[in-house]
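> Following this message is one structure expressed as structure tokens.
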Amino acid sequence: MKIGIYGGSFNPVHNGHIHLAETAVTEFGLDRLYLLPSKKSPHRSSAEYAPDEDRLEMLRLACKGNEHLFVSDFEMQTDRVSYTIYTVEHFREEFPDDELFLLVGSDMLLSFDTWYRFEEILANVTLCVVSRESGDIPELRKKAEELSKFGKILVSEASPTVISSTEVRKKIAKNKDFTCYLDENVVQYIRLKGLYSVRGEKKLLYNPDDKKKYLKSQLSAKRFNHSLNVAEECRKLAEKYGEDPDKAYFAGLLHDICKEMPDNVQKELVLNSGYTVCREELETRSLWHGIAGAYFIKKEFGVEDIDILNSIRFHTVGRAGMSRLEEIVYMGDLISAERDYKDVDKMRKLAYTDLNAAMMEAFAFSMKSVIKKGGVIPICTAEGYNFYTRLLKEEKNDSNLKRGLK
């Protein structure tokens, strides 16, 4: 048999890895290709490196259904430095009478003569090289020619699938779409286990310090103080309801970032935002800053977390089916420490005991305020009120039904 060996961190395994593996199987006629994830270094953080067992499982999921691809944990089980020659020796013992092939990417070939005991590796395997970058075939052929005196080297002519595990991890950490780069089963596994988005990484993403300096320079003292109060309220609500406190603080801090910008600047941001904006919002100047703010922080600060953007976009008008973070920012704005309207203490208490009930009351409060001022209620606000009213009614019916069953 022709036995292939393909090592790497697979952190996470992506479509480029699988394309490279399948290309090798087809082009080099491999009967089996073993994929071996490397052992995690103790100093690596979880934001950089998923645990060994998770990378192993993701690899199994990605290879599932391909009869030529196998997963081995050999390199994870050893306590010594994981040099490739040790892996080659292991497979030579496992398959003494079979032909061994070592699969590497183009970047590895170019530095192959610096590897530990590389001459012995080439004496025991056929080196198979698959390009990882467009246009590097001539350079690979030249390097293969230089190393050919030590053993047999094959260079694939297949076009590469250029994907970086580092970029995939960054997209996951920033809550950007990464699904097109990975097998759907791997995507589900990452989401289920919460991989690559640990608290340390989030602190970098949601660091408010530089944003505070910007806000202080752009907002009045009163508005800046309100923003700090809302951020702190959002943090407390997030802790109460199981959301990320740092993320909630960050969203609350920036919710009024465009509040005191000139009207023409706000309106231009609204019109360029790409958001669906109802007529009532477009005709009401006091509602522009939420839409403008979401677009502004995406454009100027590079914030791409859709939950943060939506929580700012809808913090004035609300909508049906708000996410928990959207609810937190909406309520945090309404009950922040400096608020002193009638019944604010009642609203605060409700926000920390029954968030759904608090949301319904908040929508009712908002609509009464609009009507009192002679305004027109935005469609999304009315839909939000109806949504939470129905939700509470359903909760009450379910509760009554359970009591009846008892």
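The values are calculated or read from the model by the stated rules, or taken from the named source; none is laboratory data. Owing to the predicted nature of the structure, the values given are computational and were not obtained by experimental measurement. Every residue, glycine among them, receives a Cβ derived from its backbone with ideal geometry; neighbour counts consider all protein chains shown.
> For the range 358-385, which residues satisfy the criterion of being acidic (Asp, Glu) and touching a residue at least 40 places away in the same chain (Cβ under 8 Å)?
Correct list: Glu383 only.
> Enumerate the helices (runs of 4 or more DSSP H) found wholly within the range 313-406, keeping only those where 3 or more residues are among the aliphatic types (A, V, I, L, M), assigned by TED's automatic domain parsing to the domain that holds Tyr249 and under 19 Å from Arg279 (Cα atoms).
Fully inside the range 313-406 and qualifying: 355-372.
> Ok, one more. Considering each of Leu109, Leu147 in turn, give the residue that is touching a strand residue (DSSP E or B) at 6+ places or on another chain (Cβ under 7 Å) and modelled with pLDDT of 90 or more.
After ruling out the rest, the residue left standing is Leu147.
> Using beta carbons and a limit of 6 Å, which pairs, at least six apart or on different chains, have the first residue in the range 223-243 and crowded, with 17+ Cβ neighbours inside 10 Å and the second one among the small types (Gly, Ala, Ser) and not in a helix (DSSP H, G or I)?
Every condition considered, the pairs that remain are Asn229/Ser336; Asn229/Ala337; Val230/Ser336; Glu233/Ser336.
> I'm trying to understand the selection: among the residues of the range 319-343, which are within 19 Å of Ile306 (Cβ to Cβ) and of a type in the set (Val, Ile, Thr)?
Once the filter is applied, which keeps residues that are within 19 Å of Ile306 (Cβ to Cβ) and of a type in the set (Val, Ile, Thr), the range 319-343 yields Ile328, Val329.
> Checking Ser336 against (1) among the polar types (S, T, N, Q); (2) buried (at least 21 other Cβ atoms within 10 Å of the Cβ); (3) more than 23 Å from Gly384 (Cα to Cα), which test does it fail?
Only one criterion is unmet by Ser336, namely (3).
> With the requirement that a residue be more than 10 Å from Leu103 (Cα to Cα) and either assigned to a strand (DSSP E or B) or of a type in the set (Ser, Thr, Tyr) (or both), what does the range 16-33 give you?
Thr23, Thr26, Arg32
> Scan (1) under 21 Å from Lys259 (Cβ atoms); (2) over 33 Å from the mean Cα position of the chain (by Cα); (3) of a type in the set (A, V, I, L, M) for the single condition Ile371 breaks and write down its number.
If we test Ile371 against (1) under 21 Å from Lys259 (Cβ atoms); (2) over 33 Å from the mean Cα position of the chain (by Cα); (3) of a type in the set (A, V, I, L, M), just (1) comes out false.
> Would you be able to say whether some residue in the range 345-360 is modelled with pLDDT of 95 or more, on the phi > 0 side of the Ramachandran plot, in contact with a helix residue (DSSP H, G or I) (Cβ under 8 Å, 6 or more places away or on another chain) and not β-branched (Val, Ile, Thr)?
No, there is no match, as no residue in the range 345-360 is modelled with pLDDT of 95 or more, on the phi > 0 side of the Ramachandran plot, in contact with a helix residue (DSSP H, G or I) (Cβ under 8 Å, 6 or more places away or on another chain) and not β-branched (Val, Ile, Thr).
> If you don't mind, there's one more thing I want to ask. Of (1) of a type outside the set (Lys, Arg); (2) modelled with pLDDT of 95 or more; (3) closer than 30 Å to Lys170 by Cβ; (4) over 27 Å from the mean Cα position of the chain (by Cα), Leu36 satisfies all except one. Which?
The number of the failed condition is (4).
> From the list Thr316, Thr353, which residue is of a type in the set (S, T, N, Q) and farther than 17 Å from Leu254 by Cα?
The unique qualifying residue is Thr353.
> Take the residues in the range 112-138 that are in contact with a Leu (Cβ under 7 Å, 6 or more places away or on another chain) and closer than 19 Å to Leu20 by Cα, then tell me which one is modelled with the lowest pLDDT.
Across the range 112-138, the extreme among qualifying residues is Ser131.
> Oh, and also: Hey, among the residues in the range 352-378 that are loosely packed, with under 15 Cβ neighbours inside 10 Å and among the β-branched types (Val, Ile, Thr), which one's nearest to Ile328 (Cα to Cα)?
Thr353
> Taking the conditions exactly as written (touching a Gly at 6+ places or on another chain (Cβ under 6 Å), crowded, with 18+ Cβ neighbours inside 10 Å, among the hydrophobic types (A, V, I, L, M, F, W, C) and under 14 Å from Leu254 (Cβ atoms)), does Ile297 satisfy them or not?
no
> Counting only residues that are in contact with a helix residue (DSSP H, G or I) (Cβ under 8 Å, 6 or more places away or on another chain), surrounded by fewer than 19 Cβ atoms within 10 Å (Cβ to Cβ) and of a type in the set (Lys, Arg), how many does the range 253-294 have?
2
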